[in-house]
1. In nm, to one decimal, how far is the modelled label at Thr235 from the one at His117, with both set 7 Å along Cα→Cβ?
2. Where Lys and Arg each count +1 and Asp and Glu each count -1, what net charge lies around Arg435 among other residues with Cβ under 13 Å from its Cβ?
3. Determine, for Glu116, Glu332, Glu459, the number of other Cβ atoms within 10 Å of each Cβ, and report the residues in order from fewest to most.
4. Would you mind ranking Cys103, Cys498 by Cβ crowding within 10 Å, fewest neighbours first?
5. Can you give the relative contact order of region 83-156 as a percent, counting alpha carbon pairs under 8 Å and 6+ residues apart?
6. Looking at region 396-475, which trypsin sites (Lys or Arg not before Pro) are in a loop (DSSP not H, G, I, E or B) and have at most 15 other Cβ atoms within 10 Å?
7. Can you tell me the equivalent ellipsoid semi-axes for region 116-260? Use √(5λ) from the Cα gyration tensor, largest first, whole Å.
8. If we count every other residue with Cβ under 12 angstrom of Asn176's Cβ, Lys/Arg +1 and Asp/Glu -1, where does the sum land?
Amino acid sequence: MSLAEVWRSSVKLNGGGNKSGALWKWRSFSNGHHHQPKRTVMWTYVCGFMLFTLGVISLFTGHVVSHLEWYSQQLSKRSLLDMSRREPIDVWKSKYSKFFYGCSERGKNFPPAVQEHRSNGYLLIAASGGLNQQRTGITDAVVVARILNATLVVPELDHHSYWKDDSDFNDIFDVNWFISSLTKDVTIVKRVPDRVMRSMEKPPYTMRVPRKSTPEYYLDQVLPILSRRHVLQLTKFDYRLANDLDEDMQKLRCRVNYHALRFTKRIQSVGMKVVKRMRKMAKRFIAVHLRFEPDMLAFSGCDFGGGEKERAELAEIRKRWDTLPDLDPLEERKRGKCPLTPHEVGLMLRALGFTNDTYIYVASGEIYGGEKTLRPLRELFPNFYTKEMLANDELKPLLPFSSRLAAIDYIVSDESDVFITNNNGNMAKILAGRRRYMGHKRTIRPNAKKLSALFMDREKMEWHTFAKKVKSCQRGFMGDPDEFKPGRGEFHEYPQACICQRPFSYDKTSKEDEEEDIQEEVHNNTSSGHGHLSSVDHERDEVFPD
């Protein structure tokens, strides 16, 4: 600081008017500076060193505290989850699900959607497969439109594959809600404007991108075509976007899948009527997605004990796919690639602790073997219901449309207290991810690899031994939060970027919760009722290759 600057600052400190006081301070400073230069310099070094030391200590202790907090949190989490592995399995809910919740809010730095007139063009999407496979395609289509800064045209649904359902987007989903709820993320229109179509010299360019394509692929290979042609259609759009994206894009996936894709009021109304009728009979119920239809069994290449007749029938269906390799049924079963039979599903559930008065909703298509195949499951769980049994009249307008019927099963399965899946198809993945996002509602997936060996030996052991082994096999397959492994599995099944965690604490179940559980037990033990099986026509999730 120069002498003139010292003078000016002194004047300011004294209000600018007391020049004699300022002059006195100036003289004091000048004299001190002249007669004690070494002491002043030394004092400056001491102060600087002390400030530096304090800064280092502050920085170090800050990191230490931060690491201690993180380490403490991890210890608490590990301790709680270790305890959960040692505790008896609560088949109805996870004790630790309350520490996790869905979070997919837009980040503060997430730019608003590009307006239609400023976008790079119009993106047309042709979804593929059954209802839930198309749902993944629609979700990823929104994200791809965001990556390309494109205006998305409401996706077209598949009318030509196995299910032959000619439903359009607005027959299944609330299209106006879909558009408005994503306004801040992507601009969506119902159709390409006529003026744009009239101005085009050629029809819209059509292409199919590889499965699991990265954002870079879309920017390098798709964007130049979109920019040049202005209207671009991507066909057979299912699983065409990479699993691993940045957090903002993953959260956009969740906003689309769990919030923007809402069924029409008509479908939602029928679905909730079925739920209410189940709840009227029992306060809580389980939903089972059997996935034991002929096409699924043929595709699996497994043997289900039906002898030569079964092998011939499934082999004939299998001819539908030219690219399927020949498989060894026994090896496939050892690898856990074969779906459980309805009887095996029932045995697993009883071994886990579900009693025979448990109410069960079965979401399934045409069961291979019909009533003969289903009878053992019905004997284990007499309170056996389907949508046809609970809403036959309301379903009549929907009967020609497999995807709309599938939407009813989706709603009831989502609302169930426990969801049991018998395969790793699209409905299983989509619902498992949604139930995790909505609070880790109990979702049971059979550990088919271990259970298959156990079922083959079940005649050699007592029931209590079999049940004990089933419970052991199923640890890690019950939909608990500790099964959640970031970076593994399909994002639609494990939406880790959209699940947040509350601080862990040794929070014991409240007295009110305990009383509620007791009341639920009393209600279920005193409830009675049974139903009769009817034929089921249901969408089957496509797990087949292109």
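1. That separation, rounded to one decimal, is 3.5 nm.
2. Value of the local net charge: +1.
3. So the residues, fewest neighbours to most, are Glu459, Glu116, Glu332.
4. The fewest-first ordering by Cβ neighbours comes to Cys103, Cys498.
5. Computed over region 83-156, the figure is 34 percent.
6. Arg475
7. 20, 18, 16
8. Details: positive: Lys190, Arg262, Lys265; negative: Asp174.
Spelling it out: positives minus negatives among the neighbours equals +2.
Any read-out appearing in this document is the output of simple, stated calculations on the displayed coordinates, not a laboratory observation. Remember, predicted model here, so these are calculated numbers, not experimental data. Here the Cβ is made from the backbone with ideal geometry for all residues, glycine too, and neighbour counts use every protein chain on show.
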